[in-house]
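Notes follow the structure.
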Amino acid sequence: MSDWIKYKRKGGAMPEPVSLVTIRKDVFAFNSLFARVAGLDSKSHVIVFVDPAHYRVGFKFVNDGSDSDSLVLTGDGGANKEKGGRVVQVSGLMKDHLWLKALATSEDSSAKKFEPRWDNLNQLWAIDIAPSFETRVSDKSQIPSTCRGIYRYKRGDEIVYIGRGQIKSRLNSSERDAWDFEIIEFSLIEDENEQKKWESFWLDRFVALNGKLPIFNKILGQKHDA
């Protein structure tokens, strides 16, 4: 096919092939496929639920605004607009929940897309949000000794380590005395399996973006060290 030149399509990317909810700044965006699956053409409002302890968000779509807490659904007219997609403005929600705002302001756009699942028990659509190291401190004295979850160390804007477990006790480990970092960021997660899941998620995201592990993960010689 040496004489053939592939035509580069105009008009932006193709619609996503799966149902997705995307978190943007102050907005939840529902792609066109999900809008069809959830029947959003006949819905005008959405009631939003949050479960901060498990980093979950739920959506109950309704066809009127009789619930005083419901929010208006509109067409997707943003910079990343998709024909047939819908959005809901949630600036107040972002202000109230740092774990949502941290992800919404992340520069990693692919980490802000989630496949919704139907929660039959509660009769709503739900997404599991990636815990995004929303708590930021510069001194280990600011970290309660009981804190468990995922964490990362940063030197300036560079992420130098991603880990999980007892945040303060790991920070006090003698082998880390010589590590060069200035900031500790973490998310609280009690369940060890959830810690492993989200540590793997962020390590995989780091490798996908940078082609390598954070420097101190690499030095330790293992990907998922606590």
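Placing +1 on each Lys and Arg Cβ and -1 on each Asp and Glu Cβ, with no other charges, gives segment 21-128 a dipole about its Cα centre of roughly 240 debye. What is the set of long-range amide H partners of Val50 at a cut-off below 5 Å, with H atoms built 1.01 Å from backbone N? Those lying under 5 Å, H to H, from Val50 are Gly58. Are any of the pairs Lys8/Lys43; Lys113/Lys140; Lys101/Lys168; Lys8/Lys60; Lys8/Lys218 more than 28 Å apart by Cα-Cα distance, and if so, which? Flagged as over cut-off: Lys8/Lys43; Lys113/Lys140; Lys8/Lys60; Lys8/Lys218. For Val50 and Asp204, the difference between the fully extended length at 0.36 nm per residue and the C-alpha to C-alpha distance is 52.8 nm.
Between Val137, Cys147, Ala178, the Cα set farthest toward the positive side of the dipole of segment 112-226 (charges on each charged residue's Cβ, about the Cα centre) is that of Ala178.
Excluding same-chain residues fewer than 8 positions from Lys6, which lysines have a Cα within less than 16 Å of its Cα? Output for Lys6: empty list, no partners. Against the chain, whose longest principal axis comes from its Cα atoms, helix 192-210 is set at around 80 degrees. If you model the chain as an ellipsoid using its alpha carbon gyration tensor, with each semi-axis the square root of five times an eigenvalue, the axes come out at 35, 25, 14 Å, biggest first. Note that segment 168-174 has calculated 3J(HN,Hα) couplings of 6, 5, 5, 5, 7, 4, 4 Hz, one per residue in order, obtained from phi through the Karplus relation 6.51 cos²θ - 1.76 cosθ + 1.60 (θ = phi - 60°); glycine and proline are x. Largest GNM mean-square fluctuation among Thr74, Thr146, Thr22, using the chain with Cα springs under 10 Å: Thr146.
Of the residues Ala208, Ala111, Ala38, which exhibits the maximal mean-square fluctuation in a Gaussian network model of the chain defined by a 10 Å Cα contact cut-off? Of Ala208, Ala111, Ala38, the most mobile in the Gaussian network model is Ala208.
Charge dipole (Cα centre; +1 on Lys/Arg Cβ, -1 on Asp/Glu Cβ; no other charges) of the chain amounts to roughly 660 debye.
Exposed loop sites were defined as trypsin sites (Lys or Arg not before Pro) in DSSP loop states (anything but H, G, I, E or B) carrying at most 14 other C-beta atoms within 10 Å; in the chain the longest segment without such a site runs 84-211. Within segment 163-223, the GluC sites (Glu not before Pro) that combine a DSSP coil assignment with at most 15 other C-beta atoms in a 10 angstrom radius are Glu182, Glu190.
No value in this document is a laboratory result; all are computed from the given coordinates. As the structure is a prediction and not an experimental result, all values here were calculated from the model. All Cβ positions, even for glycine, are placed from backbone atoms using ideal geometry, and neighbour counts span all protein chains on display.
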